[in-house]
Each structure stands twice: as C-alpha cells, then as structure tokens.
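This report concerns only the one structure given below.
The values are calculated or read from the model by the stated rules, or taken from the named source; none is laboratory data. From a predicted model like this one, the values you see are computed outputs, not experimental measurements. Cβ coordinates were reconstructed from backbone atoms using ideal geometry, including for glycine residues, and neighbour counts include every protein chain displayed. Keep in mind that these areas ignore ligands, DNA and RNA; they rest on the heavy atoms of the full protein, side chains included. Shrake-Rupley method; radii C 1.70, N 1.55, O 1.52, S 1.80 Å.
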Amino acid sequence: MKYTLLIILVLCTFLAHAQHNKPDTIVITSEKGKIQVSVGDNGELHVNVSPDDLRKFKWTGFVRYSNFGAKGDGKTDDIDVIAATHAFANRHNLPVKADDNATYYIGAKHLTVMIQTDTDFGKASFIIDDTDVQKRDASVFMVSSGLKPFKLTKITSLKRNQKKIDTSLPGPCLITVTNSNVKQYIRFGLNQNNGSSQTDIFVVDKNGNVDMNAPIIWDFDEITEITALPIDEKPLKVSGGRFTTIANKAESKYTYYSRNMAVRRSNVLVEGLEHRITGEGDEGAPYGGFITINDCSYVTVKNAVLTGHKTYNTIGTAGKPVSMGSYDLSVNRALNVSFINCTQTNDINDNKYWGILGSNFCKNLLYDHCTLSRFDAHQGVANATIRNSTLGHMGINAIGSGLLLVENSTIRGRSIVNLRSDYGSTWQGEVVIRDCVFVPADGKSISAALIGGSNSGQHDFGYTAYMPEKITIENLRIDDSRHPENYQGPAIFANFNPEMTDDSYKEKFPYVKTKEVILKNVKTTSGKPVRISDNTFMFKDVKVVKR
C-alpha cells in the first residue's frame, strides 16, 4: 500500500498572555522515515511523523517525549521536542508520558507547550532555567481548551443573585462580565491604585441558568464586555513531575515572571506535582505563581509539593519601600478551585519567604489537608473554606462575600482571619471558625486578635465595606502562653480604627459593623477571657453571645 504525503498545518498559539505573544507555528508532516523535529529559518517548528509511527502511537495509546527525540539529559534544551510532542498528541487526542529517569532542561527560549490531553510527567525531572529568558511573562506549559470564547451581545445589565441570563448556549459556559466604567477594589496604602473594572464570573447551563453555588455578586447597570467560554465537560489530568526553577536574578521590581504551568481549562486535576526553587540571591524579580489557574472552573490541585519564594523589597506606588509579593500558587477569575493535601518545602513560619497563594475575583476556594504559609484573596472571593489544614506566618487573608469557613485547622498568623485593610477589610457575609487552634504569630509575644483589619472610613474603595454580619466561633483553643506584659486577653476584633473613640468621629464612607458574635467553648492557655477589642467604642453595638 502506498502512502501519499500528508501535510497538516497546525497553528498553535502559545500564550502566557494573549495580548502579548505572537503565534508560533508547528508544521506536522506525515511521510515515510523517522520522526524528526526541527526549527525552520522562520521559526516554525517542523514535526515529521511517518504513517507507520502514527499507527504505532495510536495502537500504544500514548506518546513519549523520547519518541520525538527528547534527550532528557539535563543539559540539552528539550523545549522544542516537548512542544512538538504535545502538538502531535493534541492533534490525535493521545495522552503524553514523560520518561521517569529523564531530566528535561528548559532554557531561555520563548515557547509555550500547549497541553490538551492527559499528561503523566511521572518521576521525570524538569529544570526551568530563568537566569536569562527571552520572555519572562510567557508560560512554559499551558493546560488549554480547544473550545473558543465568544461574545454575548444581547445582555446589557445584570443584578446581584440573578438566577438566569436571557440567552441560549451550546452547553455549560463560564461567563465573564465587565463594566469598565465602574472601578472597584481601589487599593489603599503603599501599593495604592485606581482600582479594577467591575468584574464578575459565573457558570451557566445551556439555558442560561446560573449556578447559584457561585452566584452573581454585583449589580451591573451597564456592561462593556461579556463573554462566554464553553466548559470542557471531559476531565483532563496532569500528574507527577519534579520541577525545579532556577530563579531569575533580575532587578527587584514589579516585573513578574510567569515561567510556569498555567491552567486555562475547566475540569482539570493536577496531581502529584512537585516544584522547587534554587538560585535565589540577594535580588530578584517576583513570580506570579508556578501553578496559575485563570478563567476556568472545577480545578483541583492535589498531593502537590510547592515552595515559597524569597521575599524581596521594592518601592511601591506610594513611593515608599514595600515587601514584594511573589507566589507559587495563583488563582484569578476562577470558580470551584480546590487545593487538597498540598504542602511546601520551606518552613511555613519562616517570614523570609512570601505567602504561597494569591487570588483575585474568585468563588468557592478550598484548602483541605494543606500545610501552607498563606491563604489570600486580594480582590475578593465569594465563599472560601479552610479545613483540616495548618496555615503559617501569613495566615488567612481575605476580603469578599458569602461564607468564610475555617474548621479543624491550626492558624499561626497574627490573627485567625485578617480582613485585608488595603481593600477596606470588607466581608459581606458570615465567618464561621470551628474546632480550631490559634497560635498567635507562631507563639511570639503579641496581644492577640481573632479578627484583624482596619478601615478609617475615609477612603472610597469603590463599594460599601462591610464587616462580617455574623461571626461564630466554636471550640477554639488559643495558645497565648507567650503574651506580653499588661496583656488583657485575646480580643475578638483588632483596633480597626484607633481614631474612632467617640461620636465626634465622622466616617466619609461608613464601614458597616458586625451585628453578632457567638462564642462557644473558647479557651485560652493564659486563662484570660476573650474580650471585644482595644477599641470598645467602635464595637459597642456588637452583640456578643456566649454559649
């Protein structure tokens, strides 16, 4: 039987951020001969696979990097071969496997590997060398969807908790809506800014019914952009892999590096991945996260070993020195994201390393059986759960709405929950703390407060700021044995506004206070009772019920 030359041109857009990258082209040819991967003069990646090899791969049911010529010797840059392998696998819907004894070196080249099929990195090692890269903000791997977003043109407004949008869709979709004429999360402090466009993200079924487990949280009187991204209903799994980043040595300023694994597809499980960092020196640019989860839903990171990044200092937007955030986990505009049984390689209480997670515009985030230095929701989370976990020196930081549940966990931050003051210390909903241990500042001598934050009432954050309407604290043990002199016992609330000491203080933007706190079986090592706050006036109308 004779084979004719089959040439398939596959245009794969390797993106870390769509607006910044140019498309790269992979040309896959099928003809007699060995598998070959080469780079043309115009930068095209050429992959030649014979019909016999194609049949063999389909019979085997998967492809390996070594099938396409990866050296895996820890020295040869294998990025072209890795990208070609996945492009071929994506085209033919074949899983990809790494060789367990291989060490794949990934150097400076700007090329993003698109993962659209199950991938087993196994026990293979990957060295990602960031010492001199062509494009710092391009992902190395991207778990992506073949489904494309499309704009919705007939929806001109939305209401908070709206149950249905007036549209029909090809199937379940992730809806992202923006009003660029309204600014929210207008940040206060050393990293002050002019805010972000009003944003919401939610899931609907084919008939436009909103999943009310992650409801619409804002009123949109006007919509400047609304898009629907079809949700991949078939799960995709990425497993294994021992990744090591050789850290950049760039100037310490806000030029974030994204040499990472980006998840941009719904229904994904990342399991058993390990990430370590080497080569951090006296100076370095920050990282936006090694695992970044954006614009998707139903993503789980399980049994992962991660690493906190060294903290560097820079000058903030207020012109003063600030510590610079650098993350190993990042979640943005994503729903139903779970971290299960995740740990980190460095000490969760060592403040030389920045807190491991940052997130924005998310709903339904979960830590379960995790031992990590921080949970953090910057520009809002709707519903968050931390259970069966231990949080280190940066603790739980959040603003948002819905239910914030902390249960069966040990918290070693300066408070159990810190409501971020740079965003108004707002939580429009309820906080429940149950069956927990609180070790203030990992046992250092401080005057403990269970709920931290501050709001002067003088700054416009772009929304009304709320304290949790109701706080329930049940079965809590506070280890305050190393308290300072004149310690009066742990406070429920920190002193959110030291200037508010009588009725003469006027808030330009009133801060809505908590209505009720329920305390049940709260015990202290010091033996001192829990009190309301150093600022008794500010919280004079809070009802405290002890059961």
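Computed in the context of the full set of protein chains, the accessible area of region 151-234 at 1.4 Å probe radius has 46% of its extent on carbon or sulfur. Across region 298-313, computed HN-Hα scalar couplings (Karplus, 6.51 cos²θ - 1.76 cosθ + 1.60, θ = phi - 60°) run 6, 10, 10, 10, 10, 6, 9, 10, 10, 9, x, 8, 4, 7, 10, 10 Hz from first to last residue, x flagging Gly and Pro. Rounded to the nearest 5, what % of the DSSP beta bridges within the chain are antiparallel ones? The antiparallel fraction comes to roughly 20 percent. Packing, as the average of other Cβ atoms within 10 Å across residues, places the peptides 460-469, 163-172, 303-312 in the order 303-312, 460-469, 163-172, highest first.
Reducing region 351-418 and region 96-165 to their Cα centroids gives an inter-centroid distance of 25 Å. Of the options Gly107, Gly308, Gly429, report the single residue whose Cα projects farthest towards the positive end of the charge dipole of the chain (beta-carbon charges: Lys, Arg +1; Asp, Glu -1). Sorting the options by dipole projection puts first Gly429. Taking the DSSP bridge list for region 307-378 and keeping only pairs wholly inside it, about 35 percent are antiparallel. Could you tell me which of rounded, prolate or oblate describes region 236-289, using a ≥ b ≥ c as the square roots of the eigenvalues of the alpha-carbon gyration tensor, with rounded for a/c under 1.5 and, failing that, prolate when a/b is larger than b/c and oblate otherwise? In terms of gyration-tensor shape, oblate. Shape class for region 101-211: oblate, because the ratio a/c of the largest to smallest gyration tensor axis (alpha-carbon atoms, square roots of eigenvalues) is 1.5 or more and b/c is at least a/b. Centre-to-centre separation between the Cα atoms of region 308-337 and those of region 424-489: 22 Å. Each Cα pair under 8 Å and six or more residues apart adds its sequence gap; the mean of these over the residue count of the chain is a relative contact order of 8 percent.
Between amide H atoms placed 1.01 Å from N, distances below 5 Å from Asp350 occur with His393, all of them 5 or more places distant or on a separate chain. The packing ranking of peptides 446-458, 53-65, highest mean first, is 446-458, 53-65, where packing means the average number of other beta carbon atoms within 10 angstrom of each residue. Our coupling estimate for region 406-414, obtained by passing each phi through the Karplus curve with A = 6.51, B = -1.76, C = 1.60 and θ = phi - 60°, is 10, 9, 6, 9, 10, 10, 10, x, 6 Hz, Gly and Pro reported as x. Of Asn383, Thr76, Asn213, which is farthest along the charge dipole of the chain in the positive direction, counting Lys and Arg as +1 and Asp and Glu as -1 at C-beta? Sorting the options by dipole projection puts first Asn213. Computed about its Cα centre, the charge dipole of region 465-547 is approximately 420 debye, with only Lys, Arg, Asp and Glu carrying charge at their Cβ.
Less than 5 angstrom separates the built amide H of Thr472 from those of Val431, Val432, Ile433, Ile518, all sequence-distant by 5 or more or on a different chain.
Mind scanning Lys97/Lys234; Lys508/Lys546; Lys123/Lys310 and naming the pairs with a C-alpha gap bigger than 22 Å? Too far apart for the 22 Å limit: Lys508/Lys546; Lys123/Lys310.
Our analysis of the chain gives Rg over Rh at 1.01, with the two radii drawn from alpha carbon positions and Rh computed by the Kirkwood formula. For Ala382, the amide hydrogen comes within under 5 Å of the amide hydrogens of Cys362, Lys363, Asn364, Ser401, counting only partners 5 or more places away or on other chains and with H modelled in the peptide plane.
With the cut-off at under 15 Å, measuring from each backbone N in region 417-454 to a point 7 Å along the Cα-to-Cβ line of Arg482 picks out 438-448. Using the Cβ of Ala102 as centre and a radius below 14 Å, the other residues enclosed give a net charge of 0, where K and R count +1 and D and E count -1. About its Cα centre, the dipole of the chain is roughly 840 debye, where the only charges are +1 on Lys and Arg Cβ and -1 on Asp and Glu Cβ.
Positive end of the dipole of region 309-409 (Cβ unit charges, origin at the Cα centre): among Asn408, Ala334, His393, the Cα lying farthest that way belongs to Ala334. Per residue, the accessible area of the chain comes to 43 Å², computed with a 1.4 Å probe over protein heavy atoms only.
Summary value for region 178-267: 24 percent relative contact order, contacts being C-alpha pairs under 8 angstrom separated by 6+ residues. Using the Cβ-Cβ distance between Ile315 and Lys56 with R0 = 45 Å, the FRET efficiency computed as 1/(1 + (r/R0)^6) comes to roughly 0.20. Under 12 Å between alpha carbons, and skipping anything fewer than 8 positions from Lys135 in its own chain: which aspartates and glutamates qualify? Excluding near neighbours in sequence, the set is empty. Taking Cα atoms only, the orientation of helix 51-60 departs from the longest principal axis of the chain by about 40 degrees. From most to least packed by mean Cβ count within 10 Å, the peptides 423-434, 114-125, 224-235 give 423-434, 114-125, 224-235. Computed about the Cα centre, the dipole magnitude for region 103-242 is approximately 60 debye when only Lys and Arg (+1) and Asp and Glu (-1) carry charge, each at its Cβ.
3J(HN,Hα) along region 131-143, derived from phi through the Karplus expression 6.51 cos²θ - 1.76 cosθ + 1.60 where θ = phi - 60°, amounts to 5, 7, 9, 6, 8, 5, 9, 9, 5, 7, 10, 9, 7 Hz, with x in place of Gly and Pro. In this simple spin-label model, placing a label point 7 Å from the Cα along the Cα-to-Cβ direction at both Thr464 and Gln134 gives a separation of 5.3 nm.
Take the alpha carbon gyration tensor of region 293-393, find the square roots of its eigenvalues, order them as a ≥ b ≥ c, and report rounded if a/c is under 1.5; if not, report prolate when a/b exceeds b/c, else oblate. Oblate, since a/c reaches 1.5 and b/c is not below a/b.
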